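Have a look at the structure below, then the notes.
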Amino acid sequence: MTATLDVDLAKMLTRERHKIHLIGVAGSGMSGLAALLLELGHEVRGSDKVSTQETGRLQRLGLNFRGEHRAEHARDVELIIFSSAIKIDNPVLACARETGKPIARRAEALAAIMSCKRGILIAGMHGKTTTSAMAAHVLREGGLHPSHYVGAEIPILGSNAHWDARGDYFVAEGDESDGTIKCFHPEHTLLLNIEEEHLDFYVDLAAIEVVFAQLIVQTGDKIFYSADDVNTARTCRSCARGISYGFSEKADYHVADVELKDSTSTFRVYRGDEELGEAVLNVPGEHNVHNAVGVIALAAELGIPFQKIASSLRKFEHARRRFEIKYASERFLLVDDYAHHPTEIRATLKTAKATRRKRVLTMFQPHRYSRTKALSKEFGRSFDDADRVVVADVYAASEPRMPGISGKTIADEIVAHGHRGVSYQPRLEWVHRDIGNMIDSGDLVLSLGAGNIHEQLSILAADLVVAEKLKEIVGQAGDVRLYEPLSKHTTLRVGGPAQFWVEPRNETAFAELIRFCRRENLALFVIGRGSNLLVRDGGIPGVVIHPCGGDFDQIDVNGNEITAGVGAKLKEVAYAAKKAGLTGLEWMEGIPGAIGGGLRMNAGAMGAQTFENIMRIRYLDAEGRSHDRMRDELEVHYRNFPLLETNFAVSAVFGGKPATNEEIVRKLAESQEKRRTSQPAAKSAGCIFKNPDSVPAGRLVDELGLKNSRVGQARVSEVHGNFIVNDGGATAAEMLELIDHIKDAARVKRGIELETEVQIVGEP
Ligand code: EPU
């Protein structure tokens with residue numbers, strides 16, 4: 001798509017005032033241009049299908065923003081500028097063409113503005129944003145009042161673009177992705193690197209080099225170029241106005257004694273044989289040292305004294321999304337980076353590795369189908385410095401889908417390269433969970449990509465803040481995990497994750513957790529051994545407390561009384577009773593749950609139920625206060641103990657009767673035999689339905705002929721009709737569908753309304 005221009009764009013934009021409409025104004029490049037035009041005094045309008053923080057900021061500066069593209073936007077303006085992301089059939093563009101309005105591409109407008117100043121173009125495949133921000137910062141500190149245009153938010157510069165009428169220089173990031181870089185005729189060019197990229201636009205590397213060679217010809221004065229990058233050096237070497245920089249000693253400006261630290265780098269700078277001095281760069285990574293040498297060469301040649309340059313570099317702060325620290329604590333470091341090309345990924349991972357954290361966990365979102373396809377092999381070789389990688393699906397960036405290309409393409413290449421810690425997560429909104437569940441004290445988590453993967457890191461960061469507070473409450477002895485899969489903690493082996501999985505080890509911590517959740521308005525759910533639980537696939541939001549270990553697993557026998565913590569298994573109580581010569585508790589041997597669940601459900605077997613053996617219980621109320629209650633103070637029903645719907649059991653005292661060992665052993669054996677012969681050994685949640693008054697649910701299901709009926713991997717046991725078993729990898733959705741199917745059949749064929757005994761919780 002070409003622009004129509006029979007106007008003097010430079011004059012129009014810098015010496016006159018006009019009504020200008022920008023199509024696609026929310027884009028990172030277009031918003032910077034809008035800022036410049038506003039500062040130049042134009043009446044600026046812009047349309048975009050999305051609004052961003054940046055469009056909000058521009059509106060406050062005078063931008064007239066429209067949330068959709070309409071033909072009429074072109075009518076009342078004198079110039080239309082459009083982004084490369086805008087399609088040919090855009091209504092504003094179409095109307096502008098029909099009515100013969102002047103139309104310019106973004107790069108043309110920017111080049112026109114630059115032509116009125118002494119332009120400095122920062123170009124190359126990787127590091128442009130950081131380097132142009134660094135150059136603008138150093139020139140500004142050096143008192144040159146540069147104007148600037150950078151493709152991202154730059155906190156240290158105040159904005160992504162700024163027009164400063166006082167200064168002569170204009171520092172801009174040149175975008176090579178669509179060939180428009182040939183619009184520029186800067187005074188100086190800083191060329192960082194040349195590599196295969198944007199292969200949706202360029203045929204090959206040679207085609208890319210042609211464009212840069214033309215830029216060199218169009219540059220009025222000096223070409224600062226990397227001596228370390230083979231392609232760049234080859235393209236620029238013969239240029240008489242070239243000034244090389246890099247790590248190579250042969251470079252005109254070079255560095256030595258580079259020392260990389262967690263968030264800074266120190267190095268010595270030389271011009272030829274002359275040592276200029278030491279510099280400390282306030283951003284991490286060897287690649288940034290390389291960028292800094294380019295900026296040092298540029299600034300020194302513009303006459304800024306080295307000491308001034310060095311003091312500016314010490315103060316420099318990153319652009320947003322460039323090794324941006326999202327969260328840092330003693331235990332964790334979360335960093336976001338824009339890297340989306342294999343070379344950038346390797347550089348960022350190298351930087352991450354150099355921080356010497358325990359492990360580097362990476363979430364990566366490929367950017368564009370065309371790049372994923374063209375560079376998949378290269379991507380496969382780029383993650384060696386990451387201990388674990390979760391690959392999301394491709395961020396399309398306005399490209400149509402490509403059959404057979406997805407995030408899995410890259411995950412497979414990484415695996416093929418021999419990496420053992422890689423997985424593919426097609427659901428972007430689950431990526432933070434996969435990484436969050438792996439995280440351990442000492443880890444660095446990195447989000448990589450030019451799309452919206454950083455939002456996943458932000459969610460993880462927010463949850464980590466809560467997780468750290470929870471950890472403080474449970475102390476060293478306790479445990480806190482993020483996004484713990486509940487399929488690991490239910491006997492049915494089904495269920496999505498718990499947002500916060502917390503294991504307190506004593507009553508004080510449990511009570512404090514209850515109070516914390518109340519204060520912070522966090523949902524709270526308590527889970528025991530998960531033997532009577534069906535957790536939906538979306539998991540449980542909020543805090544899931546699992547009281548276990550420590551005081552909670554304690555079993556004490558005192559005369560005829562057995563006191564057990566809620567984390568102790570019912571089976572263990574049965575055997576403690578046997579050891580103490582007490583009868584009445586043998587039935588507990590056959591229940592897979594813990595005391596907490598047994599109380600909550602008034603679990604039973606062999607005709608007995610939990611509360612028949614209870615003397616008293618201890619529980620915490622919704623405010624975390626403890627209470628002790630005797631059995632006769634408690635209201636209890638078949639498979640239901642209402643008090644624990646809003647309170648939380650801590651321990652219970654069971655009463656047994658003295659008996660001979662023989663009698664106890666016989667009863668235990670009876671229970672075992674009953675279980676072995678009438679219940680399945682496969683993964684289940686015990687009985688699914690409560691027994692209706694008219695007929696045991698198991699017999700009913702049997703009579704309905706539903707044994708062995710299945711939905712996916714969920715199947716009605718052939719052994720007992722009231723058990724649904726997981727044949728391996730069943731989902732909660734499958735379980736629930738099968739339950740509904742049984743309920744429907746019972747209702748239609750027998751007029752019986754079955755009620756589930758198993759507790760069904762969580763998000764779908
Ligand atoms: N039956 C069938 N077909 C079947 C299953 C059972 O005809 O597929 C018949 C049995 O032959 C028996 C009657 O149904 O005549 C009752 O079955 P069972 O004796 O197995 O007892 P249940 O009522 O199904 C209850 C508890 C179980 C406990 C057993 C053993 C309920 C809902 N279930 O089962 O508890 O283990 O007694 O004492 O009260 C649980 O609550 O999760 C659980 C497993």
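Some observations on this one:
- When DSSP beta bridges are restricted to pairs lying wholly in the chain, around 50% turn out antiparallel.
- Each residue, Glu317 and Ala523, gets one label point 7 Å from its Cα in the Cβ direction; the gap between the two is 3.7 nm.
- Kirkwood Rh and Cα Rg combined as Rg/Rh, the range 362-401: 0.99
- Relative intensity of the range 497-634 on a log10 scale, I(q)/I(0) at q = 0.11, 0.13 Å⁻¹, equals -0.42, -0.59, per a Debye sum over C-alpha point scatterers of equal strength in the absence of solvent.
- Computed helical MRE - 222 nm, the chain, DSSP H runs ≥ 4 contributing -39500 (n - 2.57), nearest 500: -9500 deg cm²/dmol
- The stretch between Met606 and Ala397 holds 69.0 nm of extra length on full extension. This uses 0.36 nm per residue minus the Cα-Cα distance.
- Cβ-Cβ FRET estimate between Ala374 and Ile459, R0 fixed at 41 Å, reported to 0.05: 0.85
- At 1.002 mPa s and 20 °C, Stokes D of the range 544-615 from Kirkwood alpha-carbon radius, µm² per second: 177 µm²/s
- Rel. contact order, % - alpha carbon contacts under 8 angstrom, at least six apart, the range 372-428: 50 percent
- Here r is the Cβ-Cβ distance between Glu68 and Arg427 and R0 is 22 Å; the resulting FRET efficiency, rounded to 0.05, is 0.15.
- Rounded to 10°, Cα long-axis angle of helix 342-354 versus longest principal axis of the chain: 60 degrees
- Exposed loop positions in the chain were taken to be GluC sites (Glu not before Pro) whose DSSP state is not H, G, I, E or B and which have at most 16 other beta-carbon atoms within 10 angstrom. Between these positions, the longest stretch is 331-519.
- Stretchable slack from Ser329 to Asn708, in nm (0.36 nm times residue separation minus alpha-carbon distance): 131.2 nm
- The loop-placed chymotrypsin sites (Phe, Trp or Tyr not before Pro) in the range 580-679, going by DSSP, that have at most 16 neighbouring Cβ atoms within 10 Å of their Cβ come out as Tyr638.
- For the range 285-342, the spread of Cα positions along each principal axis, largest first, Å: 43, 29, 17
- Angle between the chain longest axis and helix 128-141 axis [Cα atoms, degrees, rounded to 10]: 60 degrees
- Antiparallel bridge percentage (DSSP; both residues within the range 307-404; nearest 5): 45 percent
- Computed E for Glu98/Leu61 - FRET, C-beta separation, R0 30 angstrom, nearest 0.05: 0.45
- For the range 93-247, alpha-carbon Rg and Dmax in angstrom: 15.9, 55
- DSSP-loop trypsin sites (Lys or Arg not before Pro) across the range 49-128, with at most 14 other Cβ within 10 angstrom: Lys49, Arg70, Arg75, Lys87
- Near-label residues of the range 540-564 by backbone N, under 19 Å of a point 7 Å along Cα→Cβ of Ser626: 546-558, 562-564
- Cleavage-rule hits (trypsin sites (Lys or Arg not before Pro)) in the range 603-653: DSSP loop, at most 15 neighbouring Cβ within 10 angstrom: Arg625
- Over the range 1-116, the ratio between the Cα radius of gyration and 2.2 N^0.38 Å evaluates to 0.94.
- Remark: spin-label model distance Cys116-Leu205 equals 4.1 nm, labels positioned 7 Å along the Cα→Cβ axis.
- Counted residue by residue at 0.36 nm each, then reduced by the alpha carbon distance between them, the extension gain from Ala85 to Glu670 reaches 203.1 nm.
- Cα gyration tensor, the chain - rounded (a/c under 1.5), prolate or oblate: prolate
- Put the Cα centre of the range 435-505 next to the Cα centre of the range 580-658 and the gap is 32 Å.
- Over 25 Å between alpha carbons, listed pairs Lys261/Lys358; Lys222/Lys261; Lys117/Lys182; Lys683/Lys743; Lys87/Lys182: Lys222/Lys261
- Charge tally in the Cβ shell below 13 Å around Leu191, where Lys, Arg are +1 and Asp, Glu are -1, Leu191 excluded: -1
- Centroid-to-centroid separation of the range 743-757 and the range 553-573 [C-alpha atoms, Å]: 38 Å
- Surrounding net charge for Gln59, when Lys and Arg each add one and Asp and Glu each subtract one, Cβ distance under 14 Å: +1
- The angle between the Cα long axis of helix 306-315 and the longest principal axis of the Cα atoms of the chain comes to about 30 degrees, rounded to the nearest 10.
- Across the chain, the relative contact order, built from alpha-carbon pairs under 8 Å that are at least six residues apart, equals 7 percent.
- Average accessible surface for the chain: 41 Å² per residue, computed with a 1.4 Å probe over protein heavy atoms with every protein chain in place.
- Accessible surface of Tyr424, taken over heavy atoms with a 1.4 Å probe and every protein chain present, rounds to 60 Å².
- Taking a ≥ b ≥ c as the square roots of the eigenvalues of the alpha carbon gyration tensor, the range 317-382 is prolate, as a/c is not under 1.5 and a/b beats b/c.
- Within the accessible surface of the chain, defined with a 1.4 Å probe on protein heavy atoms only, the carbon and sulfur portion equals 47 percent.
- In this label model, Ser51 and Asn640 are separated by 5.0 nm, measuring between points 7 Å along each Cα→Cβ vector.
- Charge sum, other residues only, whose C-beta stays under 12 Å from Thr232's C-beta, Lys/Arg counted +1 and Asp/Glu -1: -2
- Length-normalised contact order of the range 240-336 in % [C-alpha pairs under 8 Å, at least 6 apart]: 19 percent
- For the range 433-586, a/c is not less than 1.5, where a ≥ b ≥ c are the root eigenvalues of the C-alpha gyration tensor, and a/b tops b/c. That puts it in the prolate class.
The values are calculated or read from the model by the stated rules, or taken from the named source; none is laboratory data. Model, not experiment: these values are computed from the prediction. For neighbour counting, all protein chains shown are included, and Cβ atoms are generated from backbone atoms with ideal geometry for every residue, glycine included. All accessible areas refer to the heavy atoms of the entire protein, side chains included, with ligands and DNA or RNA removed. Shrake-Rupley method; radii C 1.70, N 1.55, O 1.52, S 1.80 Å.
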